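Structure first, then comments.
Where a number appears in this text, it was derived from the coordinates with a stated rule and is not lab data. Just so you know, these numbers come straight off a predicted model, no measurement behind them. Using ideal geometry, Cβ is built from the backbone for each residue, glycine included, and neighbour counts are taken over all protein chains shown.
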Amino acid sequence: MFSTPHFSECFDTPTEEQKVDELRARQHHEEEIYSLPRHEGWRQLSLRLYKGFWFPEAILPGVLSLRHHLRPTSSDIFLVSFPKSGTTWLKALAFAISTRKPELLQSRHPQDCSPNLETFFAGPRVPDLDALPSPRQFSTHIPYSVLPKSVHDSPCRIIYLCREPKDTLVSTYHFVNGMQRPEAAPQMPLTEAVELFCKGLTMYGPVWEHQLEYWQESQRRPEKVLFLKYEDLMADPEAIVRRMAEYMGKPFSAADEMNGMVGEIVRFSSFEKLSGLEINKVGLWGKEFDLGHLAIKKASFFRNGKVGDWTEHFTAEMAERFDAIARDKFHQSGLTHSHSSV
Ligand code: A3P
């Protein structure tokens with residue numbers, strides 16, 4: 001039975017020896033991070049290039065730490081996405097499928113249903129994940145090639161949610177412009193955001209390589225990676241929820257079907273339902289992780305939740321630029337975005 005994780009239980013008081021070890025490891029990681037190429041493009045969000053992807057600087061200590069410490073078990077489920085691809089939705093659905101208690105989503109923010117690993121590991125203490133009840137659900141934005149080998153080699157499973165990059169960019173643009181800023185930095189124009197995004201200069205970018213890596217692994221090892229698309233989820237949520245439940249080893253029983261469980265999971269996880277809840281509208285997320293100015297408004301995980309919002313923002317040239325990149329990168333891979341012109 002999946003019970004709600006108490007993330008604080010992962011941090012008990014360290015011994016003096018542990019404190020010294022953790023401090024030493026942290027200094028070592030900081031030295032490595034400071035030697036990486038840096039970009040200030042998104043103003044309030046410094047990025048560093050690590051293994052071919054641009055990571056938020058504040059998160060990178062967590063990435064390095066978990067690459068060293070993470071020991072997955074065979075029953076773990078990793079919920080993976082490029083930022084602003086519908087992670088919040090994926091977390092809500094996976095939580096509701098596991099618990100079979102979708103109504104619990106009325107009293108917790110979906111982001112608090114499963115810890116984001118790199119954020120969880122980014123603080124001064126190394127979390128003890130053994131304290132979490134099994135089966136565990138984690139989330140991450142880390143590209144497949146950057147995940148620790150322990151995840152590649154373990155029978156643990158990955159559910160990847162992919163979104164049309166033009167919609168992902170529009171969502172990222174609004175999200176980053178809405179973030180708390182260290183000082184009154186001006187908002188970024190969309191043209192500049194497009195420029196940076198196309199060069200891969202965005203959180204965990206480039207998006208095309210991110211999606212392609214998980215896509216290729218899902219083709220190679222379908223038992224390892226379930227590859228889902230935001231647009232398909234929007235078109236037929238019940239079908240995708242059934243696929244997720246099968247994949248998670250929690251298929252719906254005849255009784256679940258009779259009781260309308262699938263419909264309830266979809267309803268309680270819907271944008272309309274979640275975005276209207278007080279718990280999802282008020283306050284900041286991430287404060288407990290000590291990420292300084294990266295603290296994010298809980299409400300900012302819900303904007304309008306639509307497919308094709310890019311048509312309201314993009315010029316024809318911008319769209320063609322995105323589509324040309326997709327044609328080039330996804331060439332002969334079999335990966336397409338059905339709701340774009342590619
Ligand atoms: P928009 O900005 O296009 O509205 P992430 O969760 O990865 O940060 O992605 C956020 C995006 O997912 C936002 O997109 C947000 O509105 C959308 N979203 C959040 N919850 C959703 C839900 N339950 N159903 C559909 N979309 C959702």
Using only helices, what value at 222 nm comes out for the chain when you add -39,500 (n - 2.57) per DSSP H run of length 4 or more and divide by the total residues, to the nearest 500 deg cm²/dmol?
-> -12000 deg cm²/dmol
Alpha carbon convex hull of the stretch 92-196, volume per residue in cubic angstrom | 176 Å³
Would you work out the relative contact order for the chain, in percent, from Cα pairs under 8 angstrom that are 6 or more residues apart?
-> 22 percent
In Å and whole numbers, how far do the C-alpha atoms of the stretch 147-207 stretch along each principal axis, longest first?
-> 46, 26, 17
Spin-label point model (7 Å from Cα, Cβ direction): what's the Ser74 to Met258 distance in nm?
-> 3.3 nm
Under 17 Å from the Cα of Lys84, which lysines turn up, not counting those fewer than eight places away in the same chain?
-> Lys166, Lys229, Lys297, Lys298, Lys306
With +1 on each Lys and Arg Cβ and -1 on each Asp and Glu Cβ, how big is the dipole of the chain about its Cα centre, in debye rounded to the nearest 20?
-> 200 debye
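Going by a ≥ b ≥ c, the root eigenvalues of the Cα gyration tensor, does the stretch 8-329 fall in the rounded group (a/c under 1.5), the prolate group (a/b larger than b/c) or the oblate group? Each step should come with its number before you reach the end.
Numbers: a/c = 1.41, a/b = 1.06, b/c = 1.33.
Rounded shape, in that the Cα axes give a/c under 1.5.
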Long-range amide H contacts for Lys297: which residues qualify at under 5 Å (H placed 1.01 Å from N, peptide plane, sequence gap of 5 or more or a different chain)?
-> Gln180, Trp285
